[in-house]
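The values are calculated or read from the model by the stated rules, or taken from the named source; none is laboratory data. It should be emphasised that the depicted structure is a prediction, and the values quoted were computed from it without experimental measurement. A quick note on method: Cβ atoms are made from the backbone with ideal geometry, for glycine too, and the neighbour counts reach across all protein chains shown. These area figures cover heavy atoms from the full protein model, side chains too; ligands, DNA and RNA do not enter into them. Shrake-Rupley method; radii C 1.70, N 1.55, O 1.52, S 1.80 Å.
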Amino acid sequence: MKKIAPRKAVLLGSLLITSGLLAAGPALAQSKVTTLTVFMGSQQRPEIFQPLFDKFTKQNPNIKVKIEQGGATSEAQNQYLTTVLAARDPSLDIFLIDVVRPATFAAAGWAEPLDSYIPSKEQYVRAFLPGTIQSATVNGKLYALPAFTDAQFLYYRRDLLAKYNARVPTTWDELTQTAAKITKAEGGNLQGLNFQGAPIEGAVCNFLELLWSAGGNVNEVDSAQGQQGLGFLVNAVKTKLSPASSAEMKTDDSRQQFQAGNVLFGMNWSYAWAHFQGKSPDPTKVKGNVGVAKLPVFAKNSSSTCVGGWQWGVSSFGRNKAASVKLLQFMVSADAQREIAVKGAYLPVRRALYNDASVVEANPHFKTLFAAVSSARSRPVTPAYPRVSEIIRSNVSAAVSGNKTVDAALKDMQQGLSPLLK
């Protein structure tokens, strides 16, 4: 028997081991499990999303999904993500972020651009509401996919409009006249219009909505359109159309006051609807008597509302980017969006679902909301958005409180915004 030289024996042994590993390769690949860690806050109701993650892992046995919860507010969640991502920590694969944050995350290099992972991206995004994609797009690149959307609407008392044979107003002038008539006849403390004038994000949206409905844009706030928009809010308080406390009014204050039966017309987000109908820790006096419509306009301009909602992003530092995008595409699929709409009353990001029988049965008001959400506009998409927001909300609140004139507030706003929105 011919002996094999020691060096050749080692080489032959290596070849045998290598061939064995190659033969076992597919089996090893099949047994490897990727775990995706998804960060989201408790306010986004992880219990609604967990069943969908379970469905995804059932369809993809090699991928597991783990939720990491943190922060009860958008600000607290952002603070945590800023700490983790600034350290280039790879422990998170996916994060759920407020609709105003993709540009900031993109500029910092924290969010992975998704274009290369999505074949035929331009065709793919056509199924979504335009504002949701606009908010996720930075310099032509897609940095997030919309998880669910939101917008501000005009809520109104159907019973009181019917009592006085009044129609739902389509212009701000008509709203003012209708509110003056009904509040005078009703007496008491009924507010004609409730809006958010505290220095919060709601004030940013309320101002932009009035500015847009006057035909203006955020690059030119010190304008006739800016005067008309901000002037309307200030004058609403002066004429007692809106309460004297409007400069301290926050979003949930507005919801509670409408729910208590103290408001004729109110500007608020979609979450308020369920509260008004009794799905709330607070008692409601308006159940069954609430209508919802697009925001009014000045003259013959188009109605516009702010896009709200949340977006799914993929961490630039995660080790499982392709699998992460696969999960995101599952979460924005028609089936997944239908489920969160039916079970969670979230506004879906796909246009077609507003005519889906099961979605409309669970949420009859969605058909009415579609006209508003389909024309919703994004707030300025810029890495400097936190500063943009601060400039707008502080000046709006100062004008509503009477601490600044409308002219001074708009001039200060323009001076602060101009270098940020070039």
Checking Ala108 against (1) surrounded by fewer than 16 Cβ atoms within 10 Å (Cβ to Cβ); (2) in contact (Cβ under 8 Å) with a residue 60 or more places away in the chain; (3) under 24 Å from Thr35 (Cβ atoms), which test does it fail? (3)
Candidates Ser303, Ser316, Ser358, Ser333, filtered to the one that is open to solvent by 10 Å² or more (accessible area, probe 1.4 Å) and closer than 30 Å to Gly215 by Cβ: Ser303
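So in the range 190-243, with the set limited to residues that are among the charged types (D, E, K, R) and either outside any helix (DSSP H, G or I) or within 20 Å of the chain's Cα centre (by Cα) (or both), which one is nearest to Ser401 (Cα to Cα)?
Taking the range 190-243 as the starting set, the residues that turn out to be among the charged types (D, E, K, R) are 201, 209, 220, 222, 238, 240.
Pick out the ones that are also either outside any helix (DSSP H, G or I) or within 20 Å of the chain's Cα centre (by Cα) (or both) and you get 201, 209, 222, 240.
Details: Glu201: 17, Glu209: 19, Asp222: 19, Lys240: 13 Å.
Among them, the one singled out is Lys240.
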Picked from the range 339-353 (must be more than 17 Å from the chain's Cα centre (by Cα) and crowded, with 17+ Cβ neighbours inside 10 Å), the residue farthest from Pro113 (Cα to Cα) is Val342
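For the range 15-26, check the following and say yes or no: at least one residue is in a helix (DSSP H, G or I) and at pLDDT 55 or above. Steps first, answer last, please.
As a first pass, look at the range 15-26 and keep what is in a helix (DSSP H, G or I): 15-26.
From what's left, at pLDDT 55 or above: none.
Checking the range 15-26: not a single residue is in a helix (DSSP H, G or I) and at pLDDT 55 or above.
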